[in-house]
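I have placed the structure first, in the form of structure tokens, so that the comments after it can refer back to it.
The values are calculated or read from the model by the stated rules, or taken from the named source; none is laboratory data. Bear in mind that the values here come from a model prediction, so they are computed numbers and not experimental data. FYI the Cβ positions are ideal-geometry reconstructions off the backbone, even for glycines, and counts take in every protein chain you see.
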Amino acid sequence: MKNSFYQIRIISILVLIISSIGILKAQVKYEVQLSDYSKIHVIAYMETSENRLYMPIQIPNDLPNGPASFVRNLNIHDQNGNVAILNAFNKEDFYEWHLENHEEKIVVEYDLLIEHYLYNRPFGLEEVANREEDGVMIIGKYLFIIPSWDEGNSNNVEFILPESWKVSTARTNNNSQMKFQRVKGIDLRENVIYIGEHKEETIKIGGVNLRVIIGASLEAKRETILYYLKPNMVAIRDLFGGTPRDYYLIVFNEGEIAGGAFNQSYSMLFEKPISDNSSVLWGHGMIHETFHLWNGRN
Ligand SMILES: [Zn+2]
């Protein structure tokens, strides 16, 4: 009896150790560095059981590889200094790098140019990436090269930025501003990230913490925009009888009117002039995008 008791204990300890190795194994750590708004430098520590790396493509007519075209100086090595051999493929919906000649644990290092605005797109820049006067707006999936489409809470991200810069995301308060831990793959990829010297305002409406960024060129119309946003939030919350998440991020910038909604965030462009009269246009767009925070992306 005693022996089998110890055997069971040993087996359960082994199971615990093995399963925690499984959890650790899936972890991906990204260091994201910026010193200006023209490019982002990324160092990622990961394991590639699939021997593949991925980045989704949203294709502008004149840029077949989409956002993957802006990846520069891609360098992949393992701890023994083996540099991975790379082949790259356009798979229509995503870009895929095939790796050879490395151990499972690798370091993936690259620059990402923020030059998306140079190309025409069927959907707006607000759904991809853009340089603004006060920062860089980018959707996670076009920033992070990933080792799998895994949806576990396996992503850790640290931002290394000049003093006085900040990062805005739909993160909860459990994560510090510069360090996000155990983020789900889908939440990492399908959300707006804003990095720079911008102003972020948190508006509490009911149980919701709404982080709002109003770009520098729209700043003079902040009150008008918020005047329309706040009652929208309340009306939609009341309609649904609650709010699915505690935190959201909303980004407004100037541009040809358009909007893109993500898991816990949306990004929208407004055409000037912003006034009560023109609210027929942008106000309608804003309700539409705000509604997406409840009903999902479709
Ligand atoms: Zn829509």
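Count of region 96-132 residues, restricted to those that are surrounded by 13 or more Cβ atoms within 10 Å (Cβ to Cβ), more than 30 Å from Glu254 (Cβ to Cβ) and without any contact (Cβ under 8 Å) to a residue 60 or more places away in the chain, is 6. Which number in (1) within 12 Å of the ligand (Cβ to nearest atom); (2) surrounded by 13 or more Cβ atoms within 10 Å (Cβ to Cβ); (3) not basic (Lys, Arg) marks the one condition that Ile225 misses? It is condition (1) that Ile225 fails. Restricting attention to region 159-178, the residues being among the basic types (Lys, Arg) and modelled with pLDDT under 90 number 1. Taken together, Asp78, Asp111 contain a single residue that is in contact with a strand residue (DSSP E or B) (Cβ under 6 Å, 6 or more places away or on another chain) and at pLDDT 95 or above, which is Asp111.
Scanning region 159-170 for residues that are in a strand (DSSP E or B) and crowded, with 16+ Cβ neighbours inside 10 Å yields Phe159, Lys166, Val167, Ser168.
Across region 47-86, which residue is surrounded by the most Cβ atoms within 10 Å (Cβ to Cβ) among those that are of a type in the set (A, V, I, L, M) and in a strand (DSSP E or B)? It would help to see each step written out before you state the result.
So in region 47-86, the residues of a type in the set (A, V, I, L, M) come out as 53, 55, 57, 59, 63, 68, 71, 74, 76, 83-86.
Checking which are in a strand (DSSP E or B) leaves us with 53, 55, 71, 74, 76, 83, 85-86.
Values: Leu53: 25, Met55: 22, Val71: 19, Leu74: 18, Ile76: 23, Val83: 12, Ile85: 11, Leu86: 14.
Restricting to residues being of a type in the set (A, V, I, L, M) and in a strand (DSSP E or B), the top hit is Leu53.
Tyr266 falls short on exactly one of the conditions (1) away from the ligand (no atom under 13 Å from the Cβ); (2) part of a strand (DSSP E or B), and that condition is (1).
The criterion of at least 1 residues that are among the hydroxyl-bearing types (Ser, Thr, Tyr) and within 20 Å of the chain's Cα centre (by Cα) is met, among strands (runs of 3 or more DSSP E) falling completely within region 87-145, by 94-100, 105-113. In the set (1) out of contact with any Gly (no Cβ under 7 Å at 6 or more places or on another chain); (2) within 15 Å of Phe70 (Cβ to Cβ), the condition left unmet by Val136 is number (1).
So is Val234 out of contact with any helix residue (DSSP H, G or I) (no Cβ under 7 Å at 6 or more places or on another chain) and modelled with pLDDT of 95 or more or not? When the stated conditions are applied, Val234 does not pass them.
Among the residues of region 242-263, is any within 15 Å of the ligand (Cβ to nearest atom), assigned to a loop (DSSP other than H, G, I, E, B) and among the β-branched types (Val, Ile, Thr)? Yes, region 242-263 contains at least one residue that is within 15 Å of the ligand (Cβ to nearest atom), assigned to a loop (DSSP other than H, G, I, E, B) and among the β-branched types (Val, Ile, Thr).
Among residues of region 271-295 that are within 12 Å of the ligand (Cβ to nearest atom) and part of a helix (DSSP H, G or I), those with a Cβ under 9 angstrom from a residue that is at pLDDT 95 or above and among the β-branched types (Val, Ile, Thr), sequence gap 6+ or separate chain, pair up as Met286/Ile225; Met286/Ile250; Glu289/Ile250; Thr290/Ile250; Leu293/Ile250.
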